Amino acid sequence: MTTRTRNRPIGSTRISHTAENYLLSLAILQEDGLKPHMSELASYLRRIPEGEEVGTTLASVSGMVQRMAKDGLLQVNREKRIDLTPAGFARAREVVRRHRLAERLLVDVLGVPLELAEAEAHSLEHGISPLLIARIEERLGHPDTCPYGRPIYKADDTALRTSEPGTFRLSEAKKGPTYVVTRIPDEDYPLLSYLVKSDVLPGRRIVIVEVADYRGVVDVSRDGQQVSLGMDVAARIWVRPA
């Protein structure tokens with residue numbers, strides 16, 4: 001037995017990159033309030049960069065979920081919805097930490113454009129060791145959120161955070177008041193590029209011009225520039241009163 005193996009903490013054995021991507025995806029979906037069916041998970045996995053080679057057919061997703069369930073990371077309930085087990089959450093928390101701290105490193109230190117950092121973080125997250133992640137977190141000043149407003153979990157966190165107190169979906173906002181954007185979707189490159197171009201980003205102030213249910217859009221004003229967002233997009237953007 002090598003010294004490296006002897007000194008490895010119990011439970012620290014790394015799982016496959018594919019399993020890590022599944023845990024990351026499930027954590028994000030559950031933060032958004034969804035315990036997905038197999039088809040919903042497969043649909044989400046298609047947003048992950050092709051280089052990750054996660055496999056997105058229903059057959060491949062079903063096979064991977066079954067293997068991870070056998071390993072005690074996932075469970076499928078009677079409604080065929082997929083959930084993280086406590087062991088799965090512990091693994092997912094570390095994957096999410098690495099991914100979101102990598103995003104922060106790319107944006108805050110290396111100056112990678114916001115719309116590119118999400119995809120680049122997928123390449124980095126798998127190779128970051130516990131020692132390196134601690135150094136990165138310290139270098140960044142222990143940030144609470146990633147550049148897109150999602151939480152960066154701490155080592156002692158025991159549950160996923162679906163939302164921050166006092167925040168709600170943009171689709172639920174009222175016409176007139178000023179709001180501050182707190183979270184935007186980060187896994188959809190064309191949408192993310194549009195939000196960056198429109199400057200609808202975490203920390204920015206927006207005013208609701210119109211909630212047009214008949215058109216299926218929310219019109220917002222950002223520094224006098226009007227931006228139209230579909231209701232499905234508005235439901236994935238979180239805000240709080242300014």
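The values are calculated or read from the model by the stated rules, or taken from the named source; none is laboratory data. The structure displayed is predicted, hence computed values, not measured ones. Please note: Cβ atoms are built from the backbone with ideal geometry, for glycine as well, and neighbour counts cover all protein chains shown. For the accessible areas, the whole protein counts, side chains as well, though only heavy atoms, and no ligand, DNA or RNA atoms are used. Shrake-Rupley method; radii C 1.70, N 1.55, O 1.52, S 1.80 Å.
Numbers below:
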{"item": "Condition check for residue 157: surrounded by fewer than 20 Cβ atoms within 10 Å (Cβ to Cβ), free of Cβ contacts under 8 Å to residues at least 12 places away in the same chain and either in a helix (DSSP H, G or I) or not β-branched (Val, Ile, Thr) (or both)", "result": "no"}
{"item": "Exclusive hit being touching a Leu at 6+ places or on another chain (Cβ under 8 Å), more than 29 Å from residue 115 (Cα to Cα) and aliphatic (A, V, I, L, M), set 87, 27, 42", "result": "87"}
{"item": "Residue list for the stretch 146-168, filter: within 16 Å of residue 101 (Cα to Cα) and touching a Gly at 6+ places or on another chain (Cβ under 9 Å)", "result": "149"}
{"item": "Residue that is farthest from residue 211 (Cα to Cα) [pool: residues in the stretch 134-173 that are charged (D, E, K, R) and modelled with pLDDT of 90 or more]", "result": "135"}
{"item": "Among residues of the stretch 105-123, those that are crowded, with 18+ Cβ neighbours inside 10 Å and either of a type in the set (Lys, Arg) or part of a helix (DSSP H, G or I) (or both), counted", "result": "10"}
{"item": "Conditions (1) farther than 21 Å from residue 31 by Cβ; (2) touching a residue at least 12 places away in the same chain (Cβ under 8 Å); (3) in a loop (DSSP other than H, G, I, E, B); (4) not aromatic (Phe, Trp, Tyr): number failed by residue 221", "result": "(3)"}
{"item": "Residue 224 open to solvent by 40 Å² or more (accessible area, probe 1.4 Å) and of a type in the set (Gly, Ala, Ser)", "result": "yes"}
{"item": "Total residues in the stretch 124-147, condition touching a helix residue (DSSP H, G or I) at 6+ places or on another chain (Cβ under 7 Å) and either closer than 22 Å to residue 222 by Cα or assigned to a loop (DSSP other than H, G, I, E, B) (or both)", "result": "6"}
{"item": "Among the residues listed as 66, 75, the single one being open to solvent by 40 Å² or more (accessible area, probe 1.4 Å), farther than 19 Å from residue 152 by Cα and in a strand (DSSP E or B)", "result": "75"}
{"item": "In the stretch 141-162, the residues that are more than 20 Å from residue 195 (Cα to Cα) and polar (S, T, N, Q)", "result": "158, 162"}
{"item": "Count of the stretch 129-154 residues which are touching a strand residue (DSSP E or B) at 6+ places or on another chain (Cβ under 9 Å) and open to solvent by 60 Å² or more (accessible area, probe 1.4 Å)", "result": "1"}
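The rows are residues; the columns are (1) free of Cβ contacts under 8 Å to residues at least 60 places away in the same chain; (2) within 25 Å of residue 188 (Cβ to Cβ).
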site: 39; (1), (2): yes, yes
site: 42; (1), (2): yes, yes
site: 54; (1), (2): yes, yes
site: 60; (1), (2): yes, yes
site: 63; (1), (2): yes, no
site: 68; (1), (2): yes, yes
site: 78; (1), (2): yes, no
site: 83; (1), (2): yes, yes
site: 93; (1), (2): no, yes
